[in-house]
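As C-alpha cells, the structure follows; a few thoughts come after it.
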Amino acid sequence: MRMQAVSQENIRAFREAIQQSTRIAVVGHTHPDGDALGSCTALSLWLAGRGKAVSCIFPDTPADNLLFILSPDVKYVYFDADASAAEAAIRACDLIVQLDCNHFSRTEGLEPFLKASTARKILIDHHLNPDRESFDVVFSTPEISSASELLYWVLKAADGDFSTSPSAPLEMTEDLSCRAQSRHLMTIGTALMAGMTTDTNNFANSVFPSTFQMASELIAAGVNRDALLQQLYSSYRENRVRLMGYMQYEGLKVLPEGAAYMILTKDIMSRFDLREGESEGLVNVPLSIGAVKLSVLLKEDDGHFRVSVRSKKGTSAQQLAVRFFHGGGHENASGGKLFIGPDIANAQAAEAYVSNALKTFLG
Ligand SMILES: [Mn+2]
C-alpha cells in the first residue's frame, strides 16, 4: 500500500534534505494535542536514530494528561517556558520540519523566528489550505486521519523498516500508574499510534482504510494499544468527569436550527480546578444528539475565547470557524478564537455572539 500523497518525488526531496542537514528543528502547534506530540516525538526519535541533533519545539508546554507521549530520548523546547532556548534552537538549525499545522501562525510566538530562518523547510500536515509558499517540501493530505498517520506513510516510504528502530520492541509498561516508566518506553510506533488515536477520537472520525492498515501494522509490530487506551481515556482525575457532567446538565444550549454550544468560563474552570487538557472531548458530546449537526465549545482564556467546532458529515465546521472565529482546520473538526475587544465587548457578550453566528450560519 502506498499513500497517494506520498509521491516518490517528495520522498526523494525529504531524504535529501535530511541527509544534507545536521541540526534539525521539529516544530508543532500551539496547545499541542496528541497528534502534534505524537508526530513530533516520532519524527524526533527517527531523526535521532539517524545521528541528527534534534530539537523538538512547541509554542507551549503540553497538558499533563499527554506528557506520557513524550520520550526521554528527545530534547523538547517550550517557547512559553524558555523563549530564548526556542529562538536559539531555530536559529541554529539547518532544517525545519513542521508537523500537524498548516501555517506558521499556528506556532504563535515561534512564528517570527520560523519566518526569519533561512533553513530548508518541510511541512507534513493534514489541515486544509497549507501555506505552500513558506516550505520547500510539502506533504499535505487532508483526506487522512492525522499528521501521525501521514508521517507513518512518509517514514515507511523513506525507510521501510523504521518501526523496529531505534528501540525495539515497541511496548509500554503494564504498570500504568508509573508515568516515568511508561515514558521511558515511548517509541516511534507508539507515539504515532497515540497521535492517530487522539485525532480520530479513537477511530470515530476521519478514519480511512489506510488508518486501519497503519494500526494493524503497528499492533503487529508490538505496539500495546490496550496500554495506550488506558493512558488516553482511563487515567483522568475525578474533576474532569464532574465538569463534563456539569457542562452537559447546566451549560449545554441547543438551538432549534440544529446546533449546540457550551461556554466554559474561567469561573467554571476554577470551580472544578480544571487543568489544561481536561475538557478534551467535551465539544464532541452534543453531536450524540440526533438533531444536532454542529457543536461549538468556547473556552475562556486571557483576552479571548478558544473555540472548538465539530460537525457531522454534510455540515462544515471549517466554514463556521473561518467565517466567525478567525480559524479553520478540518471539514468536521476546526478551531479558532473569539477576541474580547475586536469581536465582542466583554466576556458576557460571547453567548450572544456564538448563538447569532450559529443561527446565521445555519439559517
Ligand atoms: Mn492533527
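The values are calculated or read from the model by the stated rules, or taken from the named source; none is laboratory data. The model shown is predicted, which means the values in this text are computed figures rather than measured ones. Please note: Cβ atoms are built from the backbone with ideal geometry, for glycine as well, and neighbour counts cover all protein chains shown. Side chains are part of the model used for accessible areas, which takes the heavy atoms of the whole protein and leaves out ligands, DNA and RNA. Shrake-Rupley method; radii C 1.70, N 1.55, O 1.52, S 1.80 Å.
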Checklist entry - Using +1 on the beta carbon of Lys and Arg, -1 on that of Asp and Glu, and nothing else charged, what's the dipole of the chain about the Cα centre, debye to 20? => result 460 debye
Item to check | Net length gained if the chain between ALA345 and HIS326 were fully extended (0.36 nm per residue, minus Cα distance) | outcome: 5.2 nm
Checklist entry - Using Cα atoms only, what is the angle between the long axis of helix 34-48 and the major principal axis of the chain, expressed in degrees (0 to 90) to the nearest 10? => result 10 degrees
Item to check | Tilt relative to the chain, helix 188-199 - C-alpha long axis, 0 to 90 degrees, to 10 | outcome: 20 degrees
Item to check | Folded to 0 to 90 degrees: helix 350-362 orientation relative to the chain principal axis, Cα | outcome: 80 degrees
Checklist entry - For the chain, what is the calculated [θ] at 222 nm in deg cm²/dmol (nearest 500), taking -39500 (n - 2.57) for each run of four or more DSSP H residues and dividing by its residue count? => result -10500 deg cm²/dmol
Checklist entry - For the chain, what ratio Rg/Rh do Cα atoms give with a Kirkwood hydrodynamic radius? => result 0.96
Checklist entry - Of LYS75/LYS299; LYS121/LYS337; LYS266/LYS337; LYS313/LYS337, which ones are farther than 20 Å apart at the Cα? => result LYS75/LYS299; LYS121/LYS337; LYS313/LYS337
Next on the checklist: Run the numbers for SER134 and SER235: contour at 0.36 nm per residue of separation, minus the present Cα-Cα distance, in nm.
Outcome noted: 32.4 nm
Next on the checklist: Of THR61, ASN102, ALA317, which is farthest towards the positive pole of the chain's charge dipole, taken about the Cα centre with +1 and -1 on the beta-carbons of Lys, Arg and Asp, Glu respectively?
Outcome noted: ALA317
Item to check | Label-point gap, in nm, between ARG15 and ASN202 - each point 7 angstrom along Cα→Cβ | outcome: 4.0 nm
Item to check | Rel. contact order, % - alpha carbon contacts under 8 angstrom, at least six apart, the range 265-363 | outcome: 18 percent
Checklist outcome for this item: For the chain, the per residue accessible area (1.4 Å probe, Å²) is 43 Å²
Next on the checklist: Based on C-alpha coordinates, I'd like the Rg and Dmax of the range 239-362, in Å.
Outcome noted: 13.3, 37
Item to check | Those residues of the range 225-253 whose amide nitrogen sits under 19 Å from the label point placed on ILE219, 7 Å along Cα→Cβ | outcome: 225-234
